[in-house]
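K.L.:
Handing you a structure now.
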Amino acid sequence: MEKKTMKKIINGLSVFLEGQESAQPILFVHGFPYDHSMWEAQTEEFGKEYLCVSYDIRGLGESPAGDGQLTMESFVDDLETIIDGLKLKKPVLCGLSMGGYISLRALERMPAKFSAAILCDTRAEADNNEGKLKRAAAIKRINTEGLAAYARDFMVTCFSDHFKTKGHDKLRKIIDHSSRFDPLGVKGSLVAMLSRTDTTAALEKIDIPILLIFGEEDALTPPAGMRAVFQKIKHAEFVEIKRAGHMSPIENSEEVNRTIHDFLNSLKGSRAKET
Ligand code: MLT
């Protein structure tokens with residue numbers, strides 16, 4: 001079937017829409033250093049019934065870096081601009097890793113904007129000293145050896161051994177794609193992550209349904225540790241995805257889509273009870 005994606009530019013950001021404008025919106029926020037295309041398997045599937053909105057975070061993909069001075073707060077400002085620009089009514093927010101950091105801060109800053117959220121392979125704590133030094137080393141490496149060398153070494157750590165073998169060609173294409181991003185934007189994202197606030201205290205205040213998705217082999221945000229932190233959320237369901245690392249929506253899209261389907265259907269059930 002032919003894919004119908006509409007592209008809009010909102011406040012300089014490339015935004016992609018799939019599905020009926022009148023349908024319940026789902027707003028997808030990608031991880032680092034990826035772009036909107038990491039959600040392809042989800043927007044294609046859920047665009048049949050929902051309005052799927054994905055976008056390139058400022059500095060990544062097609063969205064220009066500007067002066068490269070990026071913060072988590074400016075990423076949340078951009079998210080708000082998209083919601084307001086498209087007049088999205090109570091979207092379901094779906095963020096992976098850095099997209100999860102943006103989502104968690106957005107849920108803390110403007111909780112009334114969302115009806116539910118899906119948080120994939122992410123964390124609520126800010127970077128500790130070791131994490132901050134790793135970001136600094138990453139920026140230095142991009143400056144000295146270039147983005148391609150950094151992207152190659154970092155991005156393979158995001159995937160499970162299963163995907164590295166079976167999805168080898170796809171993985172190479174994904175890494176090549178990100179290697180062509182503007183290094184200024186990639187470094188700006190690293191600084192935004194390094195300087196982000198800790199959203200752990202906000203978790204117990206979240207009062208909407210939350211689905212947590214983690215790849216069972218996620219080495220960057222291991223599910224065991226994350227399960228304990230996210231237990232603080234009142235209405236949360238935690239699902240581990242088999243044969244997947246940190247990029248579960250790409251690595252095992254079938255199981256991720258099934259999990260999201262069940263969650264979205266349960267929301268329809270609770271909406272029907274409310275009316
Ligand atoms: C991501 O997938 O967005 C990044 O790995 C997040 C991070 O480096 O903290």
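K.L.:
Consider D198 carefully, then state whether it is more than 16 Å from the ligand (Cβ to nearest atom) and of a type outside the set (V, I, T).
P.N.:
Values: more than 16 Å from the ligand (Cβ to nearest atom): no; of a type outside the set (V, I, T): yes.
When the stated conditions are applied, D198 does not pass them.
K.L.:
Let me confirm something: among H246, H177, H261, which residue is assigned to a helix (DSSP H, G or I) and within 16 Å of the ligand (Cβ to nearest atom)? Step through it out loud before you land on a result.
P.N.:
Numbers: H246 fails: assigned to a helix (DSSP H, G or I); H261 fails: within 16 Å of the ligand (Cβ to nearest atom).
That would be H177, the only listed residue that is assigned to a helix (DSSP H, G or I) and within 16 Å of the ligand (Cβ to nearest atom).
K.L.:
Still on this structure: So which residues in the stretch 87-129 are within 16 Å of the ligand (Cβ to nearest atom), assigned to a loop (DSSP other than H, G, I, E, B) and among the hydrophobic types (A, V, I, L, M, F, W, C)?
P.N.:
Matches in the stretch 87-129: A124, A126.
K.L.:
Quick check: is even one residue across the stretch 133-142 of a type in the set (G, A, S), in a helix (DSSP H, G or I) and more than 10 Å from the ligand (Cβ to nearest atom)? Write out each step before concluding.
P.N.:
Filtering the stretch 133-142 down to residues of a type in the set (G, A, S) leaves 136-138.
Those still in the list that are in a helix (DSSP H, G or I) too: 136-138.
With more than 10 Å from the ligand (Cβ to nearest atom) added as a condition, the list becomes 136-137.
Yes, the stretch 133-142 contains at least one residue that is of a type in the set (G, A, S), in a helix (DSSP H, G or I) and more than 10 Å from the ligand (Cβ to nearest atom).
K.L.:
What number of residues within the stretch 53-98 satisfy the criterion of being surrounded by 22 or more Cβ atoms within 10 Å (Cβ to Cβ) and among the small types (G, A, S)?
P.N.:
Residues that pass the stated criteria total 6.
K.L.:
Of the residues in the stretch 19-46, how many are more than 16 Å from the ligand (Cβ to nearest atom), crowded, with 21+ Cβ neighbours inside 10 Å and not in a helix (DSSP H, G or I)?
P.N.:
Selection size over the stretch 19-46: 5.
K.L.:
On to the next question. Residues in the stretch 223-238: is at least one surrounded by fewer than 14 Cβ atoms within 10 Å (Cβ to Cβ), within 16 Å of the ligand (Cβ to nearest atom) and not polar (S, T, N, Q)?
P.N.:
Let us first name the residues in the stretch 223-238 that are surrounded by fewer than 14 Cβ atoms within 10 Å (Cβ to Cβ), namely 224-225, 228, 231, 234-235.
Within this subset, residues satisfying the condition of being within 16 Å of the ligand (Cβ to nearest atom) are 225.
Retained after the next criterion (residues that are not polar (S, T, N, Q)): 225.
Yes, the stretch 223-238 contains at least one residue that is surrounded by fewer than 14 Cβ atoms within 10 Å (Cβ to Cβ), within 16 Å of the ligand (Cβ to nearest atom) and not polar (S, T, N, Q).
K.L.:
Oh, and also: Anything in the stretch 104-151 that is of a type in the set (S, T, N, Q), farther than 28 Å from R180 by Cα and in contact with a strand residue (DSSP E or B) (Cβ under 9 Å, 6 or more places away or on another chain)? List them, or say none. Spell out how you get there, then give the answer.
P.N.:
Here is the first cut: in the stretch 104-151, the residues of a type in the set (S, T, N, Q) are 115, 122, 128-129, 143-144.
Remaining after also requiring farther than 28 Å from R180 by Cα: 115, 128-129.
Scanning the stretch 104-151 gives a single hit, S115.
K.L.:
State the number of residues belonging to the stretch 99-114 that are within 21 Å of L264 (Cα to Cα), surrounded by fewer than 17 Cβ atoms within 10 Å (Cβ to Cβ) and in contact (Cβ under 8 Å) with a residue 12 or more places away in the chain.
P.N.:
The qualifying residues number 1.
K.L.:
Output the qualifying pairs, or none if there are none: Cβ atoms under 9 angstrom, residues six or more apart or on different chains, first residue in the stretch 14-38 and without any contact (Cβ under 8 Å) to a residue 12 or more places away in the chain, second residue within 16 Å of the ligand (Cβ to nearest atom).
P.N.:
Partner pairs satisfying both residue conditions: none exist.
K.L.:
Right, something else. Could you tell me whether any residue of the stretch 187-209 is touching a strand residue (DSSP E or B) at 6+ places or on another chain (Cβ under 7 Å) and surrounded by 13 or more Cβ atoms within 10 Å (Cβ to Cβ)? Let's see the steps before the verdict.
P.N.:
Let us first name the residues in the stretch 187-209 that are touching a strand residue (DSSP E or B) at 6+ places or on another chain (Cβ under 7 Å), namely 208-209.
Then keep just the ones that are surrounded by 13 or more Cβ atoms within 10 Å (Cβ to Cβ); that gives 208-209.
The answer is yes; a qualifying residue exists.
K.L.:
For the stretch 1-18, name all the residues that are buried (at least 16 other Cβ atoms within 10 Å of the Cβ) and either of a type in the set (A, V, I, L, M, F, W, C) or within 12 Å of the chain's Cα centre (by Cα) (or both). Spell out how you get there, then give the answer.
P.N.:
Quick first cut of the stretch 1-18, residues buried (at least 16 other Cβ atoms within 10 Å of the Cβ) only: 10, 13-18.
Passing the criteria: I10, L13, V15, F16, L17.
Every number in this text was worked out from the coordinates using simple rules, so none of it is lab data. In this text the structure is predicted, and so the values were computed from the model without any measurement. All Cβ positions, even for glycine, are placed from backbone atoms using ideal geometry, and neighbour counts span all protein chains on display.
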